[in-house]
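FYI, it's all coordinate maths here, none of it is from the lab. Here the structure is a predicted model, which is why all the values come from computation and not from measurement. Don't worry about glycine lacking a Cβ; one is built from the backbone with ideal geometry, like all the others, and counts go over all protein chains shown.
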Ligand code: PHE
């Protein structure tokens, strides 16, 4: 297999195979554990409705404009993040620093992402052994506790997942991945909607609808607002410069605005559907959706213990979840690898093996984490959640801030104008975007950030 997985274009920069290639890869990167694992549990912890509303506002007013910015930077520079910042800013070191911060964020993010993906793989195994049928919610919780307390098992699955991700990036089977996303993504959508329809037959469905969509504010804190902002970055895969690399492979006449909007809508849809699948089953057994990271590993097995043919559906669900996580992980590793290749001038193989190995080793700390599970005693700091806090709520928003300042103020207006309108002239929309990235996004990020910090310091 060629070491460069992309087709060579006449400009010398590789490009996506097909027009849909970019959308598929970016959607594959965006839709992952963030939508199906993380969004439901943070929605549960933050009391639902109002959190969801703020999240949706963050997606539309912050996440989407940042996504457009990243892709514009990438296509204009035709380089991976650090080199792109360097090139477009005339070599100002502060900007390459932003690139490196993004790479660090990607490294840390993938380290714990892979642990959770490993749990999903383990759950494919549990479903294959028909472990959910006939179990009550307490026993189902016990299955998860058994997994996280079994360190070698957690590390093993984390290793298998990281190994797979590294191997795929190493041999560059990108085209295979494009085809995979093309098949699996619609399957995931159909399957999730099917599960939601089934959940819709439960009396608890209306309670779930009310929880997710009516904006009562009882549990939302300043930290929750920051979490909504941070998750809008996490779920769209923006803030660390990953889409700069993807954008650099984009054709001149591809429509950045339309593609970004499509990806954002799809991503948000999957996240909301995931809530409407899980919450009804939890409410039906009288459980609260407040138990954090384990939520999916409790709610879904409860669902599969009730749905006819649940064992089979369990295999399909965790299989699709694994695949969604894999396509996201590939894009994360790609951010780290492409920067190492460009900046350290090392070969693709070495860069991939070193990054993949490093991420695996660092992730062991998260595999070891003592998750706080209600009703079960757990001690010590929860490393996985701490890492997620730093990446999602600190690194990504700050990265997003830098990216919008760069796209709005540093690169020439003529460049962003040309990139924005390359496929279709949209003058008013361009002005709207520019206003958002110049003023609204930076202000929103700084305000939410300070508000949350000050609130935590009780000032
Ligand atoms: N967006 C992915 C998810 O929701 C996670 C991710 C973040 C992937 C950043 C790549 C870059 O699961």
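If I fit a long axis through the Cα atoms of helix 49-58 and take the longest principal axis of the Cα atoms of the chain, what angle between them do I get, 0 to 90°, rounded to 10?
Approximately 10 degrees, to the nearest 10.
Do the sum for the chain: with -39,500 (n - 2.57) for every DSSP H run of n ≥ 4, divided by all residues, what is the mean residue ellipticity at 222 nm, to the nearest 500 deg cm²/dmol? Kindly include the intermediate steps, with their values, before the conclusion.
Values: 21 runs with 323 residues, N = 459.
It comes out at -23000 deg cm²/dmol, rounded to the nearest 500.
How high is the relative contact order of segment 19-458, in percent, counting Cα pairs under 8 Å that sit 6 or more residues apart?
Numbers: 683 pairs, mean separation 160.1, N = 440.
Once normalised by length, the contact order is 36 percent.
Using 1/(1 + (r/R0)^6) with R0 = 25 angstrom and r between the beta carbons of residue 394 and residue 189, what's the FRET efficiency to the nearest 0.05?
Details: r = 32 Å, r/R0 = 1.27.
Taking R0 as 25 Å, the efficiency between residue 394 and residue 189 is 0.20.
With the calculation restricted to Cα positions, what are the radius of gyration and Dmax of segment 19-458 in angstrom?
Reported Rg and Dmax, both Å: 20.9, 64.
Rank by packing, highest mean first: peptides 341-352, 244-255, with packing defined as the count of other Cβ atoms within 10 Å averaged across residues.
Details: 341-352: 16.0, 244-255: 21.3.
For the peptides 341-352, 244-255, the packing ranking is 244-255, 341-352.
So if each residue of separation counts as 0.36 nm, and I subtract the Cα-Cα distance between residue 61 and residue 361, what length gain in nm does that give?
104.3 nm
What is the packing order of peptides 88-97, 54-63, taking the mean over residues of other C-beta atoms within 10 Å and listing the highest first?
Details: 88-97: 14.0, 54-63: 21.8.
Ranked by mean Cβ neighbours within 10 Å, highest first: 54-63, 88-97.
Over all Cα pairs of segment 250-345, how is the pair count split among 5 Å bins, expressed in % and running from 0 up to the last occupied bin?
Computed distribution, short to long bins: 2, 10, 13, 16, 17, 13, 10, 8, 6, 4, 1, 0.
What nm distance separates the two modelled labels at residue 214 and residue 455, each placed 7 Å from Cα along Cα→Cβ?
2.3
Beta carbons within 10 angstrom, averaged per residue: use that to sort the peptides 277-284, 435-442, highest first. List each step's numbers first, then the result.
Details: 277-284: 25.4, 435-442: 18.8.
With the highest mean Cβ count within 10 Å placed first, the list reads 277-284, 435-442.
If R₀ is 35 angstrom, what is the calculated FRET efficiency for the pair residue 446 and residue 424, using the beta carbon separation as r and rounding to 0.05? Display every interim value, and only then the final one.
Details: r = 33 Å, r/R0 = 0.93.
Rounded to the nearest 0.05, the efficiency is 0.60.
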